[in-house]
Amino acid sequence: MRVSGLLEQLQASTRRVTELSARRKATQRKLSDVNLVERNLAVSQRLLSEERAAGASWWRGDATPEKLEVVEAQCAKLQAELEAAQAEAAKFKAIAEPTKARFKLGNHFNAETELACISVMHLGMARKNIAKLFPIFARLFGVTLPYREIKVPGPIVDGKRTSVVKRLPETPQATHCKELAGVSYELNKLQIGQWLLEYMHSDESSCCYIADGAEAQQMERIGTVLSRRVNGKLELRALDLSTASSKTAEAQASAYHESIEEVIKLMEEAGLADARAAELLRRFLPTCACNDRATTARLAARLVLGLGEGDDDPTCAEHALVNILEEGRKAMDAILRELMNFTDEQAAAQADKIKAMRTCVGWFSSPVCALIYQVSKYVALCSTKGYAIGRKLQEWMEARLADLEEQLEHLVGHVEDVLAICGSRAYVFYLDAAPTERLLTEHDISMLTYLDEDEMLKAAGGGKLRKSILTGARSPPCMAGVRAMALICDAVFWPLIRAVKPAADKHVLDVLPRVWPAAHAFFEAAAASPAGIVDGSLKLQLGDVSAAATAATAPTPTQARRAERHRLDMVRIRAAAADDPMVTRLLAAAFGAMSRAVCNHAAEWMPAGLVATNGSITKTGKLCSANITPALRAKYDALQATSTPVERLHAVGRVSDDRHKRQRNESRAGDSLGRYNNQAGWLTGEIDERGGLEVAETMLAACRKAAGRARRVTLKAQLIAAGRAKRAERDAKLGSKKTRKAAKAAENARIAQLPLVRRYSELKKLAIAGLQDQLKAFKLAGKTGFTVTQANRADYCTQLQNLLFAAHGVEANDLEDGDSGCDGDGVVRKVRQRRVAG
């Protein structure tokens, strides 16, 4: 009976332990429940001791050895369960009440803590706010953080500074999180080093170099991206986002080599590269390049790849498309200026705005783009400028549409379709052409009606813009230009922008050698028959290239709705342009210019014998279809079709500038490169695949030292170094400018001493140099509308006679009848001498 009673007590204890375990699992995140688990475990332990003591007494009583063996087995099982429960309770207590060791390893934070901070930083969180996340989430999950007390300066009492005690959690604070950006910059070097070593040890045959410069925060930045094909798809990694002291090609190439050397040095310090691996990295050389078409960028690419003069790799296909569309725009503008009586001098006065890709557009230089730009500024929805009316116009249109009982037959409204025009992507003007035409179409619910009402109400703000838009919208040539740009966008831009950006698993040599010749043939056909563009019967046929590009980019619901509005716009525009000879003339001129521009901006992909923009005849392109061989495909296997990857890197850098304002160069680069390369994901993979936290600790230790060395160079020292590096180039430019300025001043002083002629006959006694001096004298006197350099003597004399007549009237003409005054006396004598000698 006593044994059976003991068994019942053991079973009850077992049930109690099971119940306590279930309660522990349900409340494992709360500190109070952890304490309850500990108390219940203590009770169970006491019961077990009592039962063991009872078992010992029963051994001396009526218990048999068999029964006692069963009891001992049950006690052993219960003991094991109790120990497991104790271990689990200790684990949960460590989570609920972490110690300092949970976050730190020696005098610095451990790899897990810093990885968490880096992950949050790369999600876009401001570095100074990362420290605030630890207490917030600790409170959410019921975790008690360890705190430390420090003395900080307090208020001044009785003329003496006092100190106060401040409690801080043992987690990274704002200063440490800011410094982690520099550590992230060093980590990027290790990430790139390992990525390049994988390439060097693989059977891959190609690596592409992509670089571009951009100015941010009044500093010249050089972004460098590398591309290789991994498992059939192109993979990108940003090598560096450095600060340049010069915009020269040599500076850009030097920045690349310095970045590679820094990668090798840190790989050796971290123990991730031995002497052989370091030598492999030093011998690394990209096989191809893709940059914009600027002379500096092309020279820099040749210097990096070790190519000779003229052996240029292809340039960005998107830049090529921009430049081709720009040539079409120029051809249309020339016709419109003629129709609208704008002189070349008026256009030349604002040529600098055209050169700057018209972020501010001059009316005389490009009437159509001026109108589109003004509409874009005026209807901006998110602008804080006083002239912007986008929100007001949207409210006015929506209210009018809501009052209608029947649906309109034509599309109106949707101001959001007008994209903001900024940066250097000129094709945005083409994208905005169709919605601009929609807004400026005459009907009761249009932007014109709203502007007319504002003009009558004398609405505040934007008066000049309003009048300019009304003038352009009611100019038939200007609206014909808007419709022509919309037709070109529909027929050219959308097919080509998809085709020149193939999917990552496509080889560029399977795409662009087919796309650009097909585009050239289409442009020539459209120039010969622009009516096919107006009615939509003539289309750019790219075959399976276009189909693959369309399939690879499935539209979102918002994009699908916008595409439907674009389709309705084109139906309206084609109907309006069907009987307009001006649209046909503009299209013919634009497509003729674009066909020649293809041979200039996509020359590497074109066959021989075509006429370029400058009138030259093209030679066989380096990468045209006729030249493609297996060796060429292998060399250009990793070639990118566009340089947009490096432009995206600069965009990430500008986001960092907006968030952190003034910051150290390495902090900006670390933040941007880490986000671009998914550094947190890479570091997590290293921890999971290469031996746990020890690997991350080793890498972070080397990166902390390198980042510490960089921080010792103050911001002021960086400014001094940058200023000294730029001083030589600046002084050379200033010296050249000063020399030319001094020479010009001396020339003006000489011209000022010359006697001015007053009669036509005096011109006959002057040689060409003397005639030039007379024109310079008139220029010095403030006369305009002519150039000093003329084609021949007759032009010199004619121009001077016009100036003399304007200055002195009919008295200036003292020539005999029949004498033009354009033949000099010396010239006449020489002609007579030749005739006598003959």
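The values are calculated or read from the model by the stated rules, or taken from the named source; none is laboratory data. This is a predicted model, so every value here is computed, not measured. Cβ placement follows ideal geometry from the backbone for every residue including glycine, while neighbour counts extend to all protein chains displayed. Quick note on the areas: whole protein, heavy atoms, side chains included, nothing else; ligands and nucleic acids left out. Shrake-Rupley method; radii C 1.70, N 1.55, O 1.52, S 1.80 Å.
A simple spin-label model places the labels of Ser820 and Lys738 4.9 nm from each other, with each point 7 Å out along Cα-to-Cβ. With a threshold of 24 Å on the Cα-Cα distance, the over-threshold entries among Lys151/Lys661; Lys178/Lys726; Lys392/Lys464 are Lys151/Lys661; Lys178/Lys726.
Quick check: net charge around His601, other residues with Cβ under 13 Å of its Cβ, Lys/Arg +1 and Asp/Glu -1? Mind showing how you got there, number by number?
Details: positive: Arg293, Arg298, Arg596; negative: Asp292, Asp312, Glu318, Glu326, Glu327, Glu604.
Net of charged neighbours comes to -3.
Every Cα-Cα pair of region 756-812 was included, and the share exceeding 13 Å stands at 54 percent. Rounded to the nearest 0.05, what FRET efficiency do Asp658 and Phe805 give with R0 = 51 Å and r taken as the Cβ-Cβ distance? Could you check? So the FRET efficiency works out to roughly 0.25. A 1.4 Å probe over all protein chains sorts Asp403, Asp312, Asp274 by accessible area into Asp403, Asp274, Asp312, starting with the largest.
Whole-percent P(r), region 478-545, all Cα pairs, 5 Å bins from 0: 3, 16, 26, 22, 15, 9, 6, 2, 1.
Applying 1/(1 + (r/R0)^6) with R0 = 56 Å to the Cβ-Cβ distance of Lys151 and Ala563 gives a FRET efficiency near 0.30. Per-residue extension of 0.36 nm, minus the Cα-Cα distance of Ala503 and Thr798, leaves a gain of 100.0 nm for this segment.
What ratio of Cα Rg to 2.2 N^0.38 Å holds for region 570-612?
Numbers: Rg = 14.7 Å, N = 43, 2.2 N^0.38 = 9.2 Å.
So the Cα radius of gyration is 1.60 times the expected 2.2 N^0.38 Å.
Here's the list of lysines a cross-link from Lys733 could span, going by alpha-carbon distance under 28 Å and ignoring same-chain residues fewer than 8 apart: Lys247, Lys353, Lys355, Lys716, Lys741, Lys744, Lys776, Lys779.
Evaluate E = 1/(1 + (r/R0)^6) for Lys265 and Ala631, where r is the Cβ-Cβ distance and R0 equals 30 Å; express this FRET efficiency to the nearest 0.05. Let's see the in-between values first.
Numbers: r = 34 Å, r/R0 = 1.15.
Result of the calculation: an efficiency of 0.30.
Ranked by the mean number of other Cβ atoms within 10 Å of their residues, highest first, the peptides 106-113, 493-500 come out as 493-500, 106-113.
In region 673-832, a dipole from Cβ-located charges (positive for Lys and Arg, negative for Asp and Glu) runs towards its positive end, and of Ala769, Asn677, Val757 it is Asn677 whose Cα lies farthest in that direction. Does region 611-746 come out rounded, prolate or oblate, given a ≥ b ≥ c as the square roots of the eigenvalues of its C-alpha gyration tensor, rounded meaning a/c under 1.5 and, failing that, prolate meaning a/b above b/c? Here region 611-746 falls in the oblate category.
For region 572-690, the square roots of the Cα gyration tensor eigenvalues, ordered a ≥ b ≥ c, give a/c of at least 1.5 with a/b no greater than b/c, which places it in the oblate category.
Provide Rg over Rh for region 158-311; use the alpha carbon set for both Rg and the Kirkwood Rh (inverse mean inverse pair distance).
Working: Rg = 20.5 Å, Rh = 17.9 Å.
The Rg/Rh ratio comes out at 1.15.
Using alpha carbon centroids, what distance separates region 612-643 and region 586-611, in Å? Their Cα centres are 16 Å away from one another.
Provide Rg over Rh for region 622-672; use the alpha carbon set for both Rg and the Kirkwood Rh (inverse mean inverse pair distance).
Details: Rg = 18.2 Å, Rh = 13.8 Å.
The Rg/Rh ratio comes out at 1.32.
Using the average count of surrounding beta-carbon atoms within 10 Å as a protection proxy, the listed peptides 178-190, 233-245, 592-604 rank, highest first, as 178-190, 592-604, 233-245.
The value for region 714-817 of Rg(Cα) / (2.2 N^0.38 Å) is 1.71.
For region 77-136, what does the alpha-carbon gyration tensor say about shape, rounded, prolate or oblate, given a ≥ b ≥ c as the root eigenvalues, a/c under 1.5 as rounded, and a/b over b/c as prolate? Kindly include the intermediate steps, with their values, before the conclusion.
Numbers: a/c = 3.48, a/b = 2.69, b/c = 1.30.
The shape class here is prolate.
Sort the following peptides by mean Cβ neighbour count (other Cβ atoms within 10 Å, averaged over residues), highest first: 659-669, 152-162. Walk me through the intermediate numbers first.
Working: 659-669: 18.4, 152-162: 8.5.
Put in order of decreasing packing, that is 659-669, 152-162.
Once the Kirkwood radius over Cα pairs is known for region 140-241, the Stokes-Einstein relation at 37 °C and 0.692 mPa s delivers a diffusion coefficient of 174 µm²/s. Measuring how big region 436-562 is from its alpha-carbon positions, Rg and Dmax come out at 19.9, 60 Å.
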